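Data first, discussion second: the structure below is written as structure tokens.
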Amino acid sequence: MTRRPGDLGFRLGTGVFGVVLILIVVAIGFELTRQSMLSIQKFGLNFWRTETWDPVAGQFGALPFIWGTLYSSILALVLAAPVALGIAIFIAELCPAWLRQPLVFLTELLAAIPSIVYGLWGIFVLVPAIRSLEVWTPAWLKQFPLFSGPPLGVGMLSAGAILAVMVIPFTSSVAREVLKSVPAAQREGAYALGATRFEAIRAALFYARTGIVGAVMLGFGRALGETMAVTMVIGNNPQISMSLFAPQYTMAAVIANEFAEAADQLYLDALIEIGLVLFIITLVVNGLSRLLIWSMARSGSRSRVAAAVTPAEAAT
């Protein structure tokens, strides 16, 4: 097939845009590394594994912030994924036609609300509600590390809950579109075999499992980098604790709170290195999620090919 000069120019032009994207990622990583070099040279890998954060003494360790970021994001994922998937299933499969569009609009509206507004709602509504929950927690349950701590209201549970609310619109929107893309033949085949409505939806979920995992991981990436809403309700205490009630800290929150107050170069470089750590963790998490999605898609394609082979073909 002969290629026209216009096709070649179009390919080169779009290729340049792809290269620009790679250059942006590399430039961000390079600049964060360059600006945090003083902290990297002084602390090395100890910056990742020490718990001390003392600007007065010039001792900085990012482990409490790494812990708080991953803990709050995973907690948000656990709380948000079932709700988001339930919303997606209802809108795509069960919702009456007259109600579907208003629900889609409300879901998209939730995704457009600024983070600071979620933070204000968390302070005035979510924190008092969780404080009441902590007060009414039985004494025997507080003996477990997961539920120990004073009933302050601000803490890991508040941060995880508000992150879950913020993640739900993204996850449910993507999962809804994935379910809508499932071929109608999948559902019709299930009904033809005598499946119930629930069984047909379950078959559609299995067919779309790769995209659903991608939707969940997209929400996880959103939770990792969230700043203002979490800063307002997590308590901002650099400690490592299993407790849902204990105030803790995240990487984005410490940068937002302390960057303007950095009194010396080492302090400033340590905060920038936390940004570098967050950048690296985000890349690793997204890389692992893409690997998971790729492996699921590959195993799914293999199973479909195996199902298409008849016994006679297999015998030959």
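The values are calculated or read from the model by the stated rules, or taken from the named source; none is laboratory data. Note that this is a predicted model, so its numbers are computed, not measured. Neighbour counts are summed over all protein chains in view; Cβ atoms, including those assigned to glycine, are modelled from backbone coordinates with ideal geometry. Please note that ligands, DNA and RNA were not included when accessible areas were found on the heavy atoms of the full protein model with its side chains. Shrake-Rupley method; radii C 1.70, N 1.55, O 1.52, S 1.80 Å.
Within region 204-220, residues that are farther than 16 Å from ARG187 by Cβ sit with their Cβ atoms under 7 Å from residues that are among the polar types (S, T, N, Q) and open to solvent by less than 30 Å² (accessible area, probe 1.4 Å), at 6+ positions apart or across chains, in these pairs: ALA215/THR171; VAL216/THR171; MET217/SER289; LEU218/THR171; GLY219/THR171; PHE220/SER73.
If you go through region 60-72 and keep only what is under 16 Å from SER36 (Cβ atoms) and open to solvent by 10 Å² or more (accessible area, probe 1.4 Å), you end up with just ILE66.
The residues listed here are ALA256, ALA263, ALA246; of these, the one that is in a helix (DSSP H, G or I) and in contact (Cβ under 8 Å) with a residue 12 or more places away in the chain is ALA256. Are any of the residues in region 153-167 closer than 18 Å to SER115 by Cα, in contact (Cβ under 8 Å) with a residue 24 or more places away in the chain and not in a helix (DSSP H, G or I)? There is at least one residue in region 153-167 that is closer than 18 Å to SER115 by Cα, in contact (Cβ under 8 Å) with a residue 24 or more places away in the chain and not in a helix (DSSP H, G or I).
Conditions (1) crowded, with 21+ Cβ neighbours inside 10 Å; (2) not polar (S, T, N, Q), marked per residue:
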{"residue": "MET232", "(1), (2)": "yes, yes"}
{"residue": "SER241", "(1), (2)": "no, no"}
{"residue": "PHE245", "(1), (2)": "yes, yes"}
{"residue": "TYR249", "(1), (2)": "yes, yes"}
{"residue": "ALA252", "(1), (2)": "yes, yes"}
{"residue": "PHE259", "(1), (2)": "no, yes"}
{"residue": "ALA263", "(1), (2)": "no, yes"}
{"residue": "ILE274", "(1), (2)": "yes, yes"}
{"residue": "PHE279", "(1), (2)": "no, yes"}
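Scan region 24-55 for residues that are without any contact (Cβ under 8 Å) to a residue 40 or more places away in the chain, more than 19 Å from LEU283 (Cα to Cα) and not in a helix (DSSP H, G or I) and the total you get is 4. ALA84 meets each of the listed conditions (1) under 25 Å from LEU146 (Cβ atoms); (2) open to solvent by 80 Å² or more (accessible area, probe 1.4 Å); (3) part of a helix (DSSP H, G or I) apart from (2). Evaluate the following for ALA184: is it within 24 Å of SER72 (Cα to Cα) and among the hydrophobic types (A, V, I, L, M, F, W, C)? For ALA184, the condition - within 24 Å of SER72 (Cα to Cα) and among the hydrophobic types (A, V, I, L, M, F, W, C) - is not met.
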